[in-house]
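Colleague: Can you read through this structure? Questions will come right after.
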Amino acid sequence: DSNNKYYKSVDGVLYSKDGAILIHYPAKKQGERFVIPEGVQHIAYRAFACNEYLKEIIIPETVTKICELAFASLPSMTEISIPDSVVTIEQSAFASNKSLVNIEFGQNVRTIGDGAFSKCTALESIVLPDSLKNIGSQLFVNCSSLKEVTLPAGITSIPEEMFAGCSSLKNFTVPDSVRTIGTWAFHASGIEN
């Protein structure tokens, strides 16, 4: 209802009344492309999860936080570009996207939560930004096509199970800055060198 004090609906998409939070994009809403409106600051828990139609989602420079499972299980999405405004990506935010082949990070991401890109089985390469300070565990667990990884400059730790199940990851250079490697960081990976 237009008189609702807390929420508003725009073309079937649910937002907070002030438009700062995108709360829910329906799983059965059709359309291959969606442009998130300027002014949205947070993409809420499971906001886009399980929509089978979306191939492309445009995130504006006003977004600072991508919440848990926000873009999880989108079987048609092939790529995503994260703008410079985003500082935090919570756990499992992009998990289980079977067609996701390309992720471009903005240069101000500081925190990526546990399993944020787990089970993205089509992802072949990744470049993590140098701004990254906090990396969760199981970040790329079971990303079975992942072959190339560029870690942030100055990284001191490779978290537990970070590359577990990355069966296509054959070669890996541990940066000189790394002091600790977590439990099962490369478990069941394809590491040869």
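The values are calculated or read from the model by the stated rules, or taken from the named source; none is laboratory data. None of these values were measured; they are calculated from a predicted model. Every residue, glycine as well, gets a Cβ built from its backbone with ideal geometry; the counts of neighbours run over all protein chains shown. Each accessible area value is taken on the protein alone, full model and side chains, heavy atoms only, with ligands, DNA and RNA left out. Shrake-Rupley method; radii C 1.70, N 1.55, O 1.52, S 1.80 Å.
Colleague: Inspect all residues belonging to segment 139-155 and state whether any of them is open to solvent by 10 Å² or more (accessible area, probe 1.4 Å), at pLDDT 95 or above, of a type in the set (K, R) and out of contact with any Leu (no Cβ under 7 Å at 6 or more places or on another chain).
Modeller: Scanning segment 139-155 turns up no residue that is open to solvent by 10 Å² or more (accessible area, probe 1.4 Å), at pLDDT 95 or above, of a type in the set (K, R) and out of contact with any Leu (no Cβ under 7 Å at 6 or more places or on another chain).
Colleague: Quick one: which residue in I57, I80, I23 is more than 20 Å from I112 (Cβ to Cβ) and either in a strand (DSSP E or B) or among the β-branched types (V, I, T) (or both)?
Modeller: Of the residues listed, the single one that is more than 20 Å from I112 (Cβ to Cβ) and either in a strand (DSSP E or B) or among the β-branched types (V, I, T) (or both) is I23.
Colleague: For segment 95-124, give me the residue count where each residue is open to solvent by less than 40 Å² (accessible area, probe 1.4 Å), more than 11 Å from the chain's Cα centre (by Cα) and within 8 Å of C143 (Cα to Cα).
Modeller: Matching residues across segment 95-124 total 2.
Colleague: Would you check which residues across segment 1-31 are of a type in the set (D, E, K, R), touching a residue at least 12 places away in the same chain (Cβ under 8 Å) and surrounded by 12 or more Cβ atoms within 10 Å (Cβ to Cβ) and list them?
Modeller: Selection gives K29 alone.
Colleague: Shifting gears a bit: Could you please let me know if N193 is of a type outside the set (V, I, T), touching a strand residue (DSSP E or B) at 6+ places or on another chain (Cβ under 6 Å) and at pLDDT below 95?
Modeller: no
Colleague: Just checking, how many residues over segment 74-131 are acidic (D, E) and touching a Ser or Thr at 6+ places or on another chain (Cβ under 7 Å)?
Modeller: Residues flagged as acidic (D, E) and touching a Ser or Thr at 6+ places or on another chain (Cβ under 7 Å) within segment 74-131 amount to 3.
Colleague: So, in segment 65-84, how many residues would count as being more than 12 Å from V101 (Cα to Cα) and in contact with a Lys or Arg (Cβ under 6 Å, 6 or more places away or on another chain)?
Modeller: Residues flagged as more than 12 Å from V101 (Cα to Cα) and in contact with a Lys or Arg (Cβ under 6 Å, 6 or more places away or on another chain) within segment 65-84 amount to 1.
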